[in-house]
Amino acid sequence: MLYLYAVLEALPAARTLPAGIGGGELLFVEAFELVCAASETPERAIAPEPTQVWRHQQVVEALIDCAAALPLRFGTLVEDAVACRRLLTRHREALCAQLDRVRHCVEFALRVSGLREEVGSDHVIGGGPGVSYMRALARREASWPPSTGTFPHDGLAAHAADRLLWSRSASQPDLRASFLVLKPNVAAFLADVSALQRMRPDLGITCTGPWPPYSFSDPDLSGMSP
């Protein structure tokens, strides 16, 4: 079996890359303009144990550091290199479009606690290219308040290529958002977060990252027929 980590637009530059799941050496499967980073494993399923998830994350981060890469879901497996090439070939157009979307970008996660629930309009927040795709990833709810002078979260989008405002529920009362940020804009984005934290010291506003842009790029190859 081949365990898949990410789809790249080119072979990464020569450098030392971490070992894959189970200690396997990374290999690269090419098909037309795409390259898939993978490693061999005898397992037909990989349990999401912390050490395995961390290894997957290490490999993806190392790949993104040296090439434009589309991170894949943990646990994505195919039979062999032939099956991997078929996947890349059949879904080349969609994968290339998603690579274009996340090229040179990283993801930041924002969490806000302590903000009382407000009712806002039920509309898509954000509206750039790929809105239909984003709808499938996150359901926008009125529980995200309108951006106002007292909580100007729209200001964070000034240095972001896109954003997702995740749904709020009784089991998850905090407001959560994911921001897709170009690497040259990271410092400006974090400065905007700091400004919002100073403006609202009564709220618990935390920002984590940078992470690989999973929320904006996961094509779920595990569900694609080869």
May I ask you to verify whether LEU72 is under 30 Å from ASP174 (Cα atoms) and in contact (Cβ under 8 Å) with a residue 12 or more places away in the chain? yes
Outside the structural domain of LEU77 (by TED's automatic domain parsing) and either touching a helix residue (DSSP H, G or I) at 6+ places or on another chain (Cβ under 8 Å) or at pLDDT 85 or above (or both): is that true of LEU137 in this structure? yes
When segment 1-23 is examined, which residues are found to be surrounded by fewer than 16 Cβ atoms within 10 Å (Cβ to Cβ) and either within 19 Å of GLU43 (Cα to Cα) or of a type in the set (Lys, Arg) (or both)? ARG15, ALA19, GLY22, GLY23
Looking only at strands (runs of 3 or more DSSP E) that lie completely in segment 1-70, which have at least 3 residues being within 17 Å of SER215 (Cα to Cα) and modelled with pLDDT of 90 or more? 2-8
State the number of residues belonging to segment 28-53 that are surrounded by fewer than 18 Cβ atoms within 10 Å (Cβ to Cβ), of a type in the set (A, V, I, L, M) and within 21 Å of the chain's Cα centre (by Cα). 2
What's the total number of residues in segment 71-80 that are in a loop (DSSP other than H, G, I, E, B) and within 29 Å of LEU182 (Cα to Cα)? 5
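The values are calculated or read from the model by the stated rules, or taken from the named source; none is laboratory data. What you see is a predicted model, and the numbers here were worked out from it, not measured in a lab. All Cβ positions, glycine included, derive from the backbone under ideal geometry; neighbour counts span all protein chains shown.
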